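**Q** Here it is: the structure, laid out below.
The values are calculated or read from the model by the stated rules, or taken from the named source; none is laboratory data. The structure presented is a predicted model; accordingly, all values stated were derived computationally and were not measured. For accessibility, only protein heavy atoms count, side chains too; no ligands or nucleic acids. Shrake-Rupley method; radii C 1.70, N 1.55, O 1.52, S 1.80 Å.
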Amino acid sequence: MHELGVLIVDDEPMAAQLHRMFVEGTPGFVVTGLAYSGEEAVEMMTREPPDVVLLDLQLPGMSGIDVLRLLRTHLGDDVDVIAVTADRRARSVDQMRMLGVAHYLAKPFSVRELRTRLRSVARVRTTLASRQSFDGQADIDGVIHNGFVELGTAVTRPDDPTEQDILAGHPLDALRELADLRIADHGHSVDVTLHTLADALHVSARQLQRAYARVDRAVQDAIRDHRVGVAAMLILGAERLTMTEVARRSGFSCVRTMRRAFQEVHGVPPARWRAMQTRGEKEPKSRRETDRTRPGHEE
């Protein structure tokens, strides 16, 4: 399946940048734009309709709910919306439900929680695109109930890989999803490596590498990207931490390793990256993006 384009709508630039990192670290998704107001979001959606919108409800001027109403009026139901907001009012949740929101994700949330819902959107889209009809009510419920998570209830993670998923799709894809979930939960521990991850999943390191190779990725890159995301949250957080403490809390063995990882992912070291986020500067191309655009490189 082609990559799903995601538009991120949030009036807080730092929050939008963090969401962008989380999305870009999820295989199968690419960020098509960042909008910092409702008006800007409508303009960007009209110019280049995304597949998915991460929508903050509490926006200056035009509210997120007004943005969603306009989206449904002009683009119909082709765009999946994940409400990403601190608004916990029952009225807002009900309005989002009636307007066809796929998920309602209350801030603050973890990387795993966002990626779980992104994967849910991708899975529902793939299922609907590949089938003409459903065999029974259970199959229909599997699609419908994955589309909305009630606020305040215990999330049972219905879109986590199951034995049925493994039978229906490629086993290595289900294995990779299990590994992604474990990385999201434990990747900021320095003890997490290719081999310890494989041991925890009861597979060989070679088999785990093959699972990630199916999406042109390495296990080590997935672990690194998660740690960079954790480090970025710590760097932009209210608590002023030294780079040594940031490296320790995010799972890097030392500051030098963290700097190298930031350079690979963002094209700049962490201190420079923090200054750029504060000033709202655009990041240079990362090493991965440079490799992709290099003549002769194949996706």
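**Q** Does the range 1-78 come out rounded, prolate or oblate by the C-alpha gyration tensor, with a ≥ b ≥ c the root eigenvalues, rounded set by a/c under 1.5 and, if not, prolate when a/b is larger than b/c and oblate if not?
**A** Oblate.
**Q** What whole-number distance in Å separates the alpha-carbon centres of the range 1-78 and the range 262-280?
**A** A separation of 23 Å, based on Cα centres.
**Q** What ³J(HN,Hα) values, in whole Hz, does the Karplus curve 6.51 cos²θ - 1.76 cosθ + 1.60 give for the range 89-97 when θ = phi - 60°, with x put for Gly and Pro?
**A** 5, 4, 4, 5, 4, 5, 4, 5, 4
**Q** Hey, another quick one. Report TYR36's accessible area, 1.4 Å probe, all protein chains in place, as a number in Å² to the nearest 10.
**A** Answer for TYR36: close to 80 Å² accessible.
**Q** LEU4's amide H: which non-local residues (gap 5+, or another chain) put their own amide H closer than 5 Å, with H modeled 1.01 Å from N in plane and none for Pro or chain starts?
**A** HN-HN under 5 Å from LEU4: PHE29, VAL30.
**Q** Additional query: Tabulate in residue order the Karplus-calculated ³J(HN,Hα) for the range 27-38, using 6.51 cos²θ - 1.76 cosθ + 1.60 with θ = phi - 60°, rounded to whole Hz; enter x for Gly and Pro.
**A** So the J values, rounded to whole Hz, are x, x, 10, 9, 7, 9, x, 10, 10, 9, 8, x.
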